[in-house]
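**Q** My questions will all concern the structure given below.
The values are calculated or read from the model by the stated rules, or taken from the named source; none is laboratory data. For clarity, every value in this text was computed on a predicted model and none was experimentally measured. Neighbour counts are summed over all protein chains in view; Cβ atoms, including those assigned to glycine, are modelled from backbone coordinates with ideal geometry.
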């Protein structure tokens, strides 16, 4: 994992030197207070498994399969083979100041696209553990920057985590990608990979480049799964909340097939009957043998949006592949957790990140 992180960080730093553009957005914090020389990556030891009523001890990691052939540019093998160059993270205006953290508008580069988002920086001396958040589906017509996972952003920042909430391409003030829907939103995973690399290349004193995790909710859970199979050594751990299915055709059937976006997808890629290889190669479940990081999964037992069975199937597949994975289910909880269940899930999430995001 350490070798992969060093390689990715080196790519990002080289790209930053060659391709960085422009100055900081107005309202940026002074560089002297937030920047530092990039730190060298270190190897992270494997964490000890924690006990829970619904968790089982992880199996021995299975050997990772060789990089699969790229048969289609819209595929997870294509994301595995892709060269990433996340860079030019810019702190923009201050959105709010709390006693525990300061909230900034941010942008960064993901390939040729500039992606917007928000970042919460804890008060005090860093570097801090850092979490990149991948939000769920929100209609583009009403989405505003940082709109998803607002409770989680605040909770994690108050407990000493730098939190970067990426908007993804096409959202808020991010650059547009007209092919995002036809390409089954795999570009969102590209934006998450580049968010991590942009953090590493930023030189921000608050960010520990060797302690970065991912958290994704609903559609964002699928984005996180795509990310950790496409780039296994990128981060140290991942958390999923009420995730979509790890078999992409199930998601397509549930939401997209009868929408205006369904016909272009079917015209370009067919169905599992007409092109089974394509649908295998866009499903993270196909590549669970590549997962190298601990995964924590939360799911409401009466979720009417993403069936709980989807998370049970994902966890079973990860365990068969030898991954370190825990599942917690929450009685009476639908797609959004409330009250004590949400608090308990966040306590577990913080404990998980404290255990897995260590130098």
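**Q** Go over the candidates 322, 300, 317 one by one and state the one that is crowded, with 19+ Cβ neighbours inside 10 Å, modelled with pLDDT of 95 or more, farther than 21 Å from residue 148 by Cα and touching a helix residue (DSSP H, G or I) at 6+ places or on another chain (Cβ under 9 Å). Show your work before the answer.
**A** Details: 322 fails: crowded, with 19+ Cβ neighbours inside 10 Å; 300 fails: farther than 21 Å from residue 148 by Cα.
Of the residues listed, the single one that is crowded, with 19+ Cβ neighbours inside 10 Å, modelled with pLDDT of 95 or more, farther than 21 Å from residue 148 by Cα and touching a helix residue (DSSP H, G or I) at 6+ places or on another chain (Cβ under 9 Å) is 317.
**Q** Of all residues in segment 286-296, how many are in contact with a helix residue (DSSP H, G or I) (Cβ under 7 Å, 6 or more places away or on another chain) and either part of a loop (DSSP other than H, G, I, E, B) or free of Cβ contacts under 8 Å to residues at least 60 places away in the same chain (or both)? Reasoning before the result, please.
**A** Step one: of segment 286-296, the residues in contact with a helix residue (DSSP H, G or I) (Cβ under 7 Å, 6 or more places away or on another chain) are 286-288, 290-291, 293-296.
This time we only want the ones that are either part of a loop (DSSP other than H, G, I, E, B) or free of Cβ contacts under 8 Å to residues at least 60 places away in the same chain (or both), so: 288, 291, 293-294, 296.
Total meeting the criteria: 5.
**Q** For segment 329-347, which residues satisfy the criterion of being more than 15 Å from residue 216 (Cα to Cα), in contact with a strand residue (DSSP E or B) (Cβ under 7 Å, 6 or more places away or on another chain) and surrounded by fewer than 21 Cβ atoms within 10 Å (Cβ to Cβ)?
**A** 329, 334, 341
**Q** With 235, 265, 223, 229 as the choices, which residue is modelled with pLDDT of 95 or more, closer than 21 Å to residue 87 by Cβ and either in a loop (DSSP other than H, G, I, E, B) or more than 10 Å from the chain's Cα centre (by Cα) (or both)? Lay out the reasoning, then the answer.
**A** Details: 265 fails: closer than 21 Å to residue 87 by Cβ; 223 fails: either in a loop (DSSP other than H, G, I, E, B) or more than 10 Å from the chain's Cα centre (by Cα) (or both); 229 fails: closer than 21 Å to residue 87 by Cβ.
After ruling out the rest, the residue left standing is 235.
**Q** Scan segment 268-285 residue by residue and report those that are closer than 21 Å to residue 235 by Cβ and either out of contact with any helix residue (DSSP H, G or I) (no Cβ under 7 Å at 6 or more places or on another chain) or in a helix (DSSP H, G or I) (or both).
**A** 284, 285
**Q** Also, I was wondering about something else. Give the number of residues within segment 164-195 that are over 21 Å from residue 147 (Cβ atoms) and either buried (at least 21 other Cβ atoms within 10 Å of the Cβ) or in contact (Cβ under 8 Å) with a residue 12 or more places away in the chain (or both). Let's see the steps before the verdict.
**A** Step one: of segment 164-195, the residues over 21 Å from residue 147 (Cβ atoms) are 178-179, 182-184, 186, 193.
Narrowing further to those that are either buried (at least 21 other Cβ atoms within 10 Å of the Cβ) or in contact (Cβ under 8 Å) with a residue 12 or more places away in the chain (or both): 182-184, 186, 193.
Matching residues across segment 164-195 total 5.
**Q** A further question on this structure: Within the bounds of segment 156-163, is there any residue that is within 14 Å of the chain's Cα centre (by Cα) and touching a residue at least 24 places away in the same chain (Cβ under 8 Å)? Walk me through it before giving the result.
**A** Looking only at segment 156-163, we keep the residues that are within 14 Å of the chain's Cα centre (by Cα), and these are 163.
Retained after the next criterion (residues that are touching a residue at least 24 places away in the same chain (Cβ under 8 Å)): 163.
Yes.
**Q** Does residue 213 satisfy the criteria of being touching a strand residue (DSSP E or B) at 6+ places or on another chain (Cβ under 9 Å), within 26 Å of residue 156 (Cβ to Cβ) and in a helix (DSSP H, G or I)? Outline the logic, then answer.
**A** On the way: touching a strand residue (DSSP E or B) at 6+ places or on another chain (Cβ under 9 Å): yes; within 26 Å of residue 156 (Cβ to Cβ): yes; in a helix (DSSP H, G or I): no.
No, not satisfied.
**Q** May I pose another question? State yes or no: is residue 217 closer than 23 Å to residue 269 by Cα and at pLDDT 95 or above?
**A** Numbers: closer than 23 Å to residue 269 by Cα: no; at pLDDT 95 or above: yes.
For residue 217, the condition - closer than 23 Å to residue 269 by Cα and at pLDDT 95 or above - is not met.
**Q** Just the residues that are in a loop (DSSP other than H, G, I, E, B) and either under 22 Å from residue 131 (Cβ atoms) or touching a strand residue (DSSP E or B) at 6+ places or on another chain (Cβ under 6 Å) (or both), please, taken from segment 315-328.
**A** Looking only at segment 315-328, we keep the residues that are in a loop (DSSP other than H, G, I, E, B), and these are 321-324.
The answer is 323, 324.
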